[in-house]
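Encoded as structure tokens, the structure appears first; notes follow it.
The values are calculated or read from the model by the stated rules, or taken from the named source; none is laboratory data. All of these numbers come straight from a predicted model, not from anything done at the bench. Note that we place each Cβ from the backbone using ideal geometry, even for glycine, and neighbour counts take in every protein chain shown.
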Ligand code: SF4
């Protein structure tokens, strides 16, 4: 990583951060532009607002709300005219920079600017079509995987009927053949180009790719390993640093969603074989430890299924990310949701490689939850109730002392963009 600090002829302080995986240009700490190694705009901070760009050239604007909390944050998607204005501003800022400085830029910074200079609003718009040819919409990822390299082994959800979830209602479930998947891998590598270095993990989508029969999964994992280098398990910190420094494109592992009701035939050996091929963590939508609430939500798993699945995964060497749906079932299920979720989570023997996410119920346009809740006379939790529900769960969780405890974090599906 190289950092350059300069003052422009008109007295503005510039910090230029040039790294293998991205470049960031900052002016006076209140304006910054981040680009991937190919030159694509990734993010902007300007006028007290954060902007994140997706690979199909959408931009999400995030501004702080009155309460400085995740929930009060203001979010909106920019219009095409606003996207054009913001991207033009970013690229003009980068292009104009050398002329604003008294001394020439050192070569590595000039090279980074040259790569950025190959992009523009028009090129980013044109890439949108290529992205949409390569991917069906990437509907969701866990927050720690937002920057993963997404590989679409399957499309959609094989179940697609949970009342609170509208993520994949617009498509039929489809599993790629191994030939289709290999073509997809080659297409993904070509699409990302030098920008692939921003991605340090691989996410195998969509909702339940691990549902595929084991021989097909093994073939797919082998194909991923043939195309991309996955860091071996069990390296010491020093060996890990050495391994990473020896290559510019590398991934720390493969990640995926899994559900507890379509994977009952998977065994510890199944997961161990995938772990050998790079599977490091899977994300399970537990939603709740209360069986009656799962039934109400139309989720066909039992809490016990999640416990059995987690045991097999961990014995097979795969960590878990447990997702809890805060606010589900409103006031009527509040007490049982808290009590039974605490009971189940405490039975999972989670440790430092595992994660727990609190995800607040969001009413998707296509979700059937609202109608269901109305018919059942459910009273929705207020934001304060949802906060209290999370705090009660946290207070009830019993883990080994830090640093061996799992990390607990928030998962706001409204912040997702790929
Ligand atoms: S919550 Fe998961 S299993 Fe249920 S419909 Fe959505 S993606 Fe499918």
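Quick one: count up the residues across the stretch 399-412 that are surrounded by fewer than 16 Cβ atoms within 10 Å (Cβ to Cβ) and modelled with pLDDT under 95.
Initially, the stretch 399-412 is screened for residues surrounded by fewer than 16 Cβ atoms within 10 Å (Cβ to Cβ), giving 400-404, 407, 409-410.
Pick out the ones that are also modelled with pLDDT under 95 and you get 400-404, 410.
Number satisfying all stated conditions: 6.
A single entry from 122, 112, 126, 85 fulfils the requirement of being touching a strand residue (DSSP E or B) at 6+ places or on another chain (Cβ under 8 Å) and within 30 Å of residue 47 (Cα to Cα): 112.
Just checking, does the stretch 354-364 include any residue being within 16 Å of the ligand (Cβ to nearest atom) and farther than 30 Å from residue 149 by Cβ? There is at least one residue in the stretch 354-364 that is within 16 Å of the ligand (Cβ to nearest atom) and farther than 30 Å from residue 149 by Cβ.
Can you confirm whether residue 98 is out of contact with any helix residue (DSSP H, G or I) (no Cβ under 9 Å at 6 or more places or on another chain) and either surrounded by 12 or more Cβ atoms within 10 Å (Cβ to Cβ) or closer than 22 Å to residue 248 by Cβ (or both)?
no
Comparison of 151, 141, 167 shows that the only residue that is outside any strand (DSSP E or B), buried (at least 16 other Cβ atoms within 10 Å of the Cβ) and at pLDDT 95 or above is 141. The sole residue among 240, 265, 277 that is surrounded by fewer than 22 Cβ atoms within 10 Å (Cβ to Cβ) and touching a strand residue (DSSP E or B) at 6+ places or on another chain (Cβ under 9 Å) is 277. Here is the figure for the stretch 283-302: residues that are within 25 Å of the chain's Cα centre (by Cα) and in a helix (DSSP H, G or I) total 2. In a residue-by-residue description of the stretch 59-77, the property of being farther than 30 Å from residue 357 by Cα and surrounded by 14 or more Cβ atoms within 10 Å (Cβ to Cβ) applies to no position.
Against the definition (under 23 Å from residue 348 (Cβ atoms) and within 16 Å of the ligand (Cβ to nearest atom)), how does residue 259 come out, yes or no?
Values: under 23 Å from residue 348 (Cβ atoms): yes; within 16 Å of the ligand (Cβ to nearest atom): yes.
Yes: the conditions hold for residue 259.
All of 309, 293, 344, 348 fail the test of being crowded, with 16+ Cβ neighbours inside 10 Å, closer than 21 Å to residue 166 by Cβ and in contact (Cβ under 8 Å) with a residue 24 or more places away in the chain, apart from 293. The residue pairs whose first member lies in the stretch 185-211 and is on the phi > 0 side of the Ramachandran plot and outside the structural domain of residue 35 (by TED's automatic domain parsing), whose second member is modelled with pLDDT of 95 or more and away from the ligand (no atom under 16 Å from the Cβ), and whose beta carbons are closer than 7 Å, counting only pairs six or more residues apart or on different chains, are 193/38.
Confirm whether residue 248 is more than 16 Å from the ligand (Cβ to nearest atom), part of a helix (DSSP H, G or I) and in the same structural domain as residue 343 (by TED's automatic domain parsing).
So residue 248 does not fit the description; no.
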